[in-house]
Amino acid sequence: MQKTWFITGASRGLGTHIALAALRAGDRVVATGRKRENVNAVLGPDSDKLLAVSLDVTDAGQVQAAVDAAVARFGGIDVLVNNAGYGHLGFFEENTMEDVEAQFDTNLYGAFRVTWAALPVMRAAGKGQIFNLSSLGGLRGAEFGSLYCATKFALEGFSEALAAELKPFGISVTIIEPGPFRTDFLTRESLRLGGKTIADYDERRAAQQASFESRNGFQPGNPQKLADAMVLLTREAEPPMRFIAGKMAVDGADAKFKGMLAELDRWRDLGVSTDGDMEG
């Protein structure tokens, strides 16, 4: 059955690959980006299967207008992909409150705004699927990524709670947790750095920046394969709560879960002992 996708951040990176995969599968796509012309430049002109829409996810008015345009054109939204976002790198102490607010406004609050706008449409249809794009950084905190990881951890908690709230309406939620993929994530267009510098961090900052720059273009993940996998997940009767993509992410998640279980076992007795005496 043909589905209608609504994808944020579709003008480049993984968002473009997701849109192309959905179109290859014969589905209809509402592809959004900050500039509509950039979306058309990578996906082609609007057609009976494609509608490009300008959308800045930090603008609630644009969000509602984009959802309204999708419904007017295709009659509904079957698959919502909250993909728009960017990575803010830097040691926490070298960031500012403005850095925090900007990172959360796009990566987390942007997903909130789009989801709020799309849910009435999905509830009315009694079906739907939401993909929230997280990261291995949503499972495991990483040095130099405190703000980015904070948004992704928050997105994951939101997604778990949302899944429980929406299940009675026939709407599923899947968290996509990629490791490093060959997109433009490590380019200047997708990364931002903290504006302050503190001398104590100079050596480590230089090493971290050099490490990220050296990885750009050499990430092992294939974004087209991830996009194709997401299309397959829309054909599943019971899609997963989490989809961890790429061997580095799978191995990283495995190590994180094993470490958490080992720590739980080590401190289990002390943790249980903190329960109060309910007698009397």
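Pairs are defined by a Cβ separation below 6 Å, a sequence spacing of at least 6 or placement on different chains, a first member in the range 90-114 that is touching a residue at least 12 places away in the same chain (Cβ under 8 Å) and at negative phi, and a second member that is among the small types (Gly, Ala, Ser) and buried (at least 17 other Cβ atoms within 10 Å of the Cβ); the pairs so defined are PHE92/SER146; GLU94/GLY194; ASN95/GLY194; ASP99/GLY194; THR106/GLY85; ASN107/GLY85; LEU108/ALA154; GLY110/ALA84. Taken across the range 77-88, residues that are in a helix (DSSP H, G or I) and either surrounded by 15 or more Cβ atoms within 10 Å (Cβ to Cβ) or at positive phi (or both) do not occur at all.
Remark: ALA150 falls outside the filter, which requires a residue to be part of a helix (DSSP H, G or I), farther than 23 Å from GLU93 by Cα and at pLDDT 95 or above. Pairing each residue of the range 1-15 that is more than 12 Å from LYS35 (Cα to Cα) and at pLDDT 95 or above with any residue that is among the aromatic types (Phe, Trp, Tyr) and part of a loop (DSSP other than H, G, I, E, B), provided the two are 6+ apart or on different chains, yields no C-beta distance under 9 Å. Once the range 40-51 is narrowed to residues that are free of Cβ contacts under 8 Å to residues at least 24 places away in the same chain and outside any helix (DSSP H, G or I), the residue that is nearest to GLU101 (Cα to Cα) is LEU51.
The values are calculated or read from the model by the stated rules, or taken from the named source; none is laboratory data. Here the structure is a predicted model, which is why all the values come from computation and not from measurement. Heads up, the Cβs are rebuilt from the backbone with ideal geometry, glycines too, and the neighbour counts pull from every protein chain shown.
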